[in-house]
Amino acid sequence: MKTIIEPFKIKSVEPIRFTTREERSELLKKAGYNTFMLHADDVLIDLLTDSGTSAMSSMQWAGIMQGDESYAGSKSFYRFEDVVKKITGLKYIIPTHQGRASEKILFFVVGGEGKYIPNNTHFDTTRANIEFTNAEAVDLLNEEGKHPEIRRHLRVIWISKNLRVSSRKKGKKISHSV
């Protein structure tokens, strides 16, 4: 059955301002089409961030109250570690507070002098974490990639071909990351 509402109750409410299409067009133009230059109050749905901006569930709020804030050895960590190990089957878990911190660890391990990290287009902080290790962030976006109306499988074929050509030209080791 399809529903027109979410199948849960929201536990946190914050008023938001709706803008018209014309207002959004003007705001983007004034910001030079740079989403970092927009005021947060002018953004209805934030698709730029990966930091989680939606409402929390009642279980998430309860988790805050149940959390053990000990500096080390907290039961919250051991509960988290057990669940992640069970899900992933991994022996070691290194929790990080956000994606940028995870990338810094990842690229410290897989990056380094003389290595190339391919992507269609690197996000700014991802590029910074790669280049901090003296690896090279390689953008493989071609003209077709700038046009989402083109069928996806054609772009994937181009990226695969470009990656092979790029790696042969450079004759260097290419690191792959997910």
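The values are calculated or read from the model by the stated rules, or taken from the named source; none is laboratory data. This structure is a prediction, so every number in the text was calculated from the model and none was measured. Reconstructed Cβ throughout: ideal geometry from the backbone, glycine too, with neighbour counts over all protein chains shown.
Couple of notes before you dig in:
- Unmet criterion (only one of (1) assigned to a helix (DSSP H, G or I); (2) assigned by TED's automatic domain parsing to the domain that holds N142; (3) surrounded by 12 or more Cβ atoms within 10 Å (Cβ to Cβ); (4) without any contact (Cβ under 8 Å) to a residue 24 or more places away in the chain) for V109: (3)
- Entry remark, segment 66-92: residues being touching a residue at least 12 places away in the same chain (Cβ under 8 Å) and either part of a loop (DSSP other than H, G, I, E, B) or surrounded by fewer than 10 Cβ atoms within 10 Å (Cβ to Cβ) (or both) number 0 in total.
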